[in-house]
Amino acid sequence: MQIVFAASECAPFVKTGGLADVVGALPHEILKLGHEVSVYIPLYAGVRQHLEGEQRVAIRSLTIPSAHGNRFAGIVDGGVHDGVKFYFVDCPEMFDRQGVYGNNGDSYGDNAERFGLFSRAVLEATKQLGVPDVFHVHDWQAALLPVLLRTIYAGDPALKHCGSVLTIHNAAYQGTFPPATVDQLLLPWDIFTFDKLEHYNTFNFLKGGIAYADKLTTVSRKYAEEIQTPEFGSGLEGALSQRRADLVGILNGVNYTEWDPATDGNLAGHYTPDDLSGKRECRKDLLHAFGLEAAEETPVIGICSRFASQKGFDLLEQIAGRLAERDVAVVALGTGEQYYEKFFRDFAYANAGRFAVQVRYDEALAHKVEAGSDIFLMPSRFEPCGLNQIYSLKYGTVPVVRATGGLDDTVEEWNAGLHTGTGFKFEAYEAQALLDAIDRALAAFYDKKQWSRLMQNGMAQNFSWEKPAREYVAVYEEAARKRA
């Protein structure tokens with residue numbers, strides 16, 4: 001098959017979250033299974049800096065109609081990287097900006113037009129550069145493509161047999177805009193109904209994709225179930241439940257060439273399940289990087305996250321005083337909401353010498369946190385997939401997580417009697433439940449034989465992209481059959 005990916009992010013060109021990692025890794029695995037893959041993303045100012053030398057033009061100009069008159073977009077040839085073809089949608093007035101979605105925490109006011117243009121440009125470009133069997137679109141920013149495919153382009157002989165797959169990476173981000181967006185994007189008003197993309201008198205990109213895509217996926221089995229409920233569906237649970245037969249949860253993979261303690265170039269020491277001695281060097285290096293000292297029998301708890309309420313830090317705030325009474329060292333790395341940045345700074349100030357925070361994003365330090373910690377904390381309110389708990393398993397750093405989304409799918413509760421399991425989970429979203437899970441982890445930590453087995457169990461897990469890629473191919477085949 002020929003597959004076209006359309007997304008707002010793709011590592012290493014542009015990244016604000018896990019979406020970029022998926023779009024950067026999955027196409028290469030699909031390629032290994034014998035299929036052809038092209039990836040389209042916008043040509044942001046930051047992406048332009050990644051392109052070496054003179055930019056090659058694949059299509060000089062595409063005409064994109066809008067309520068403001070025609071706009072024009074070019075397609076820049078990004079070359080072939082490990083067999084995957086990359087194209088960049090070049091429309092400077094829309095994408096040549098400092099931010100990806102906005103600046104200083106505020107979204108751009110014309111995001112509906114920006115990503116509406118992107119979806120149209122991808123469809124138009126493929127008619128010249130290669131029509132796929134299936135379009136695989138990601139999140140709300142590309143969710144209009146399946147809508148266009150079945151409305152404006154429904155009669156286009158070049159595209160009428162193309163299938164579409166929408167992957168929902170986080171149902172909380174939907175792309176909602178005023179009703180006038182229908183006119184702004186020159187769409188037919190008959191799609192502005194509650195069973196299509198109207199949502200409580202807003203124009204909802206993600207809901208449109210849910211209604212019109214041939215197949216839907218999300219990034220873990222548990223999250224596929226959760227988003228059909230009011231607690232996690234963010235208002236779209238009804239639309240998702242109606243499409244439950246076409247909704248598949250496929251757990252994200254990770255790139256073990258970058259995340260492997262045996263070869264990771266960011267670490268002070270390397271180690272394997274058979275020889276864990278290098279982890280002690282990593283622990284010492286991590287404590288030094290955060291300016292802490294801790295006895296060998298004191299467990300180090302690591303946090304590497306966006307500082308936001310979604311990540312469960314309201315629970316951590318509630319137990320902070322009681323956690324400080326335990327013999328632990330805590331390191332935290334991340335940025336996010338000002339409230340939680342202040343919480344972490346105040347927590348570290350009040351417990352100087354045992355608790356430390358660095359409010360910034362640092363990829364190398366993130367690797368050090370994974371390798372040097374004994375316990376990794378992810379108490380998320382919801383977590384569609386999560387990657388850090390998977391990295392933690394590989395690094396022999398025992399995760400303590402809430403049993404939600406991908407966290408529940410990837411971490412198995414430790415059973416001391418059977419010596420099975422890889423970490424510790426709590427069900428209820430309550431502060432006491434989190435503290436109880438931490439205390440279970442601390443009790444296991446002091447039994448070195450038990451802890452060693454727990455570490456090795458985690459390091460034996462395999463969450464590579466090979467299995468997810470096969471599952472995605474099966475979804476593509478179903479989407480293509482619908483349009484054959």
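Bear in mind these aren't lab numbers, they're just calculated from the coordinates by the rules spelled out. Just so you know, these numbers come straight off a predicted model, no measurement behind them. Note that we place each Cβ from the backbone using ideal geometry, even for glycine, and neighbour counts take in every protein chain shown.
Observations on the structure shown:
- Going from the residue with the fewest nearby Cβ atoms within 10 Å to the one with the most, 449, 196, 311 rank 449, 196, 311.
- Reported to the nearest whole Å, the Cα centre-to-centre distance from the stretch 15-82 to the stretch 383-406 is 31.
- Ranked by how many other beta carbons lie within 10 Å on average, peptides 158-171, 316-329 from highest: 158-171, 316-329
- Taken along its three principal axes, the alpha carbon spread of the stretch 243-315 comes to 53, 34, 21 Å, from the longest extent down to the shortest.
- P(r) weight above 18 Å for the stretch 357-484, C-alpha pairs, percent: 58
- The chain - share of DSSP beta bridges that are antiparallel (%, nearest 5): 30
- The stretch 107-159: proportion of alpha-carbon pairs further apart than 17 angstrom, %: 33
- Adding -39500 (n - 2.57) for every DSSP H run of four residues or longer, then dividing by how many residues the chain holds, sets the calculated 222 nm ellipticity at -11000 deg cm²/dmol.
- Positive dipole terminus of the chain, leading residue within 333, 121, 53 (C-beta point charges): 121
- Over 18 Å apart at the Cα level, from the set 311/394; 15/127; 127/160; 279/449; 311/342; 32/85, are 311/394; 15/127.
- Applying 0.36 nm per residue to the separation of residue 456 and residue 193 and subtracting their alpha-carbon distance, the gain on full extension is 89.4 nm.
- Order of 94, 455, 1 under a 10 Å beta carbon neighbour criterion, fewest first: 1, 455, 94
- Convex hull volume per residue in cubic angstrom - Cα atoms of the stretch 277-459: 101
- Stokes-Einstein translational diffusion, the stretch 42-138 - Kirkwood Rh over all Cα pairs, 0.890 mPa s, 25 °C, in µm²/s: 172
- Values of log10 I(q)/I(0) for the stretch 175-311 across q = 0.11, 0.13, 0.20 Å⁻¹ run -0.67, -0.77, -1.18, by the Debye formula with one identical scatterer at each alpha carbon and no solvent.
- Convex hull of alpha carbon positions in the chain: directionally averaged projected area 22.5 nm².
- Residues 156, 90 in ascending order of nearby Cβ atoms (within 10 Å, fewest first): 156, 90.
- Pairwise Cα inverse-distance average, inverted: Kirkwood Rh of the stretch 398-450 (Å): 11.3
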